[in-house]
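The values are calculated or read from the model by the stated rules, or taken from the named source; none is laboratory data. Computed from a predicted structure; not experimentally measured. For neighbour counting, all protein chains shown are included, and Cβ atoms are generated from backbone atoms with ideal geometry for every residue, glycine included.
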Amino acid sequence: MTREEILNKVNEVFHEVFDDDSIEVTETTTAKDIEDWDSLMHITLVSEIENAFGFKFMMKDVVGMKNVGEMLDIIAQNI
Amino acid sequence: MASFIELKRNLKKDMSALPEYRFAVTGDCATQHLATALRGQAYEYGMNLVMFDADYDEIRAQLMDPSSELYEHKPEAILIDMCTEKLYEAYCMTAAEERADFADRKMEEILGYWEHIKSNVAGTKIIQFNFPESDDRIFGNFANSVGSSFLFQTRKLNLLMMEKASEYAGVFICDLSVLRARFGDAAFKDNKMYYAARMPYSTDMLVHISDEVMKIVNALRAKIKKCVVLDLDNTLWGGVIGDDGLEGIEIGELGIGRAFRDFQLWLKELTKRGIILAVCSKNDEDKAKEPFEKHPDMVLKLDDIACFIANWEDKASNIKKIREILNLGMDSFVFLDDNPFERNLVKSMIPEITVPDLPEDPAEYLGYLKSLDLFETISFAADDAVRTKQYRAEAERVKSQAAFSDYKDYLKDLDMVAYAGPFDTFHYPRIAELSQRSNQFNLRTVRYTADEIKALAEDPSYITLYFTLKDKFGDHGLISVAVIKKEDDSAFIENWFMSCRVLKRTMEEYIINSMVSAVKDAGIGMIKAEYIPTAKNAMVKDIYGRMGFEDLGDGKYRCDVNSFAMRETYVS
């Protein structure tokens, strides 16, 4: 999977989780950029990314990811 | 089952038309996702759960304070969510010499919560999670022999809760321990989520946990099943009693009979819990009852059946009749039948009834039905077990022969299409097979081998017809055959047989019309027909008469093809 393909798939998961197809995430998107992205949504998002890509994040990833770019890094290492 | 995301999305839907149920959750862990899943799951159950979700670890504060937000919410039910992780922390902080009493003291604490709820909001139901038994493996298997081990104390606590719940009215245990056993520890929880967010359950598991809670809430709202309506052939035993006979059906040691035996044992247990059993079968009544009366391996006896209906009417009408006799709500009925056609008919004509799609393999009936968890309840009393007797007596009194009004509309809706044609090479084997196997719908029980079928097809003095049928649910294939011998100035129906699967769908009428047309086309003006009784074909003894043929007595009939009025049929 190329980084772009991963980003596209991650974007689809965001659509699912936030129930909003207008979301366009980029490498620099952070929780501040998406209105509903609070700590509760973060849990749901992490679970759904795990289901979509078939791996488990580590705890430090869950609490440490700064932006979508870092999320892509972790996904790329695990698939 | 809907995913967590789907449940979450339900929260945005319009629930204003749904019945409201006021609900509160309090726990010693993070409960926000659980509350979300519950509201979404309630929507799936057709309910609007008006939710109060207490803040993290506030059980004590919310339940002990009579003026708490939780009590102000006036919940009809309160869910107490205590997790095993917190239980383990408390266990670890307990002095070694006090650990043998750990479960008892925890039980006292929980009883305190229950008592506070009872004194503050009398009548409010309590749903209490029990503790998934996740052992710490400090003792390994030997934990079973150490009274102070965490495993020992957790199991003891679960058992104590069962004892107390049976004494306290209005307390219901939601069995997370069984749920964890079913899915396994890895699926049940997500360790990092517990550490990151104090969530003791994985997001995926919340779907199942909320479903278990909603089953209890549903039962609290009196949505419970009371009656199971059973088909007989290939549902309660293997084979067809009308064709295979008493010695030929599979129950007990014969063939796959053990699976049916265990299935019957389970149904018998349901009757002991107060569930009513009824029979709805397409059979002659005396034949249908024979296994119950005479077969030594039948677990179910006639005494276990509150209402027994065996005839050749359609099942939806018969189930409505059973409902009238038993006088129970249709939504409390479950209908079990191996035949998808019957299931679809009943489903479409009686939308309120629950109709599980039984697996094809009878060995899987029981496991599948258990997995559906249809018989959730909130009470059990010893006299529930005698309920069948009461209903049985009632059923004896009510013997109604109600008219079957809307069956015709159903048939119209089926879009049945038949094909009639002379025997052809392709169908010889199936025609011969049907000839050998049909016992009940078989007018003269003349059997044909494949070679004889071929000979008939090639003999110009015979009119041969086979019939296929399909409807919007599927293709039934070749289901009937007629063999007509041309004589000097008449034609004689040497035999007519049909598969019982397609009875009472006006296929009989369609076939009679086809026979009359075929004879007419051959330039013959008269049809002669005959019914020869056997031990098994009583169901068609008067079919020619019913179809408008002239009864000459002694099983003989005739029909003037030129004056014959074509029968009404919904098959085209």
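When B:Tyr448, B:Tyr510 are checked against the criterion of being touching a Ser or Thr at 6+ places or on another chain (Cβ under 6 Å) and in a helix (DSSP H, G or I), a single residue qualifies: B:Tyr510.
Assessment of the range A:63-75 against the conditions (within 14 Å of chain B (Cβ to nearest Cβ) and at pLDDT 95 or above) yields at least one matching residue. Evaluating A:Ile43 against the criteria (1) in a helix (DSSP H, G or I); (2) away from chain B (no Cβ under 13 Å) leaves one unmet condition, (2). You will find that of B:Arg501, B:Arg567, the residue that is under 24 Å from B:Phe423 (Cβ atoms) and either of a type in the set (Gly, Ala, Ser) or part of a loop (DSSP other than H, G, I, E, B) (or both) is B:Arg567 and no other. Checked against the criterion of being under 26 Å from the mean Cα position of the chain (by Cα) and either surrounded by 17 or more Cβ atoms within 10 Å (Cβ to Cβ) or within 11 Å of chain A (Cβ to nearest Cβ) (or both), the candidates B:Met193, B:Met214 yield just one match: B:Met214.
Identify all residues within the range B:530-564 that are more than 42 Å from the chain's Cα centre (by Cα), in a strand (DSSP E or B) and closer than 13 Å to B:Phe492 by Cα; write none if there are none.
Result: B:Lys556, B:Tyr557, B:Arg558, B:Cys559, B:Asp560.
State which residue is farthest from B:Phe183 (Cα to Cα) when the search covers only the range B:104-151 and only residues that are in a helix (DSSP H, G or I) and touching a strand residue (DSSP E or B) at 6+ places or on another chain (Cβ under 9 Å).
B:Lys118
Any residue that is assigned to a strand (DSSP E or B) and out of contact with any Lys or Arg (no Cβ under 9 Å at 6 or more places or on another chain) - is there at least one of those in the range B:154-168? Scanning the range B:154-168, I find no residue that is assigned to a strand (DSSP E or B) and out of contact with any Lys or Arg (no Cβ under 9 Å at 6 or more places or on another chain), so the answer is no.
Being away from chain A (no Cβ under 14 Å) and in a strand (DSSP E or B), is that true of even one residue in the range B:81-103? Checked the range B:81-103: at least one residue is away from chain A (no Cβ under 14 Å) and in a strand (DSSP E or B). Here A:Met58 meets the list (1) farther than 27 Å from B:Tyr56 by Cα; (2) within 14 Å of another protein chain (Cβ to nearest Cβ) almost entirely, failing just condition (1). Restricting attention to the range B:405-421, the residues that are in contact with a Phe, Trp or Tyr (Cβ under 8 Å, 6 or more places away or on another chain) and either farther than 15 Å from B:Gly477 by Cα or of a type in the set (A, V, I, L, M, F, W, C) (or both) add up to 7.
Is it true that B:Asn318 is on the phi > 0 side of the Ramachandran plot, assigned by TED's automatic domain parsing to the domain that holds B:Leu345 and more than 16 Å from the chain's Cα centre (by Cα)? In short, no.
Of everything in the range A:14-39 that is of a type outside the set (Gly, Ala, Ser), assigned to a helix (DSSP H, G or I) and surrounded by fewer than 16 Cβ atoms within 10 Å (Cβ to Cβ), the residue that is nearest to the other protein chains (Cβ to nearest Cβ) is A:His15. Each residue in the range B:1-40 was checked for being of a type in the set (S, T, N, Q), farther than 16 Å from B:Ser202 by Cα and not in a loop (DSSP other than H, G, I, E, B), and 2 of them qualify. Residues in the range B:124-158 that are closer than 30 Å to B:Leu38 by Cα and without any contact (Cβ under 8 Å) to a residue 24 or more places away in the chain: B:Asp135, B:Leu151, B:Arg155. With the condition kept exactly as written, say whether any residue in the range B:90-98 is at pLDDT 95 or above, surrounded by 14 or more Cβ atoms within 10 Å (Cβ to Cβ) and under 23 Å from B:Tyr21 (Cα atoms). No.
Scanning the range B:317-340 for residues that are touching a Lys or Arg at 6+ places or on another chain (Cβ under 8 Å), charged (D, E, K, R) and buried (at least 20 other Cβ atoms within 10 Å of the Cβ) yields a single hit, B:Asp337.
The single condition among (1) within 14 Å of chain A (Cβ to nearest Cβ); (2) touching a Phe, Trp or Tyr at 6+ places or on another chain (Cβ under 7 Å); (3) not small (Gly, Ala, Ser) that B:Tyr56 does not satisfy is (2). Scanning the range B:1-27 for residues that are within 23 Å of B:Leu63 (Cα to Cα) and either touching a His at 6+ places or on another chain (Cβ under 8 Å) or within 14 Å of chain A (Cβ to nearest Cβ) (or both) yields a total of 2.
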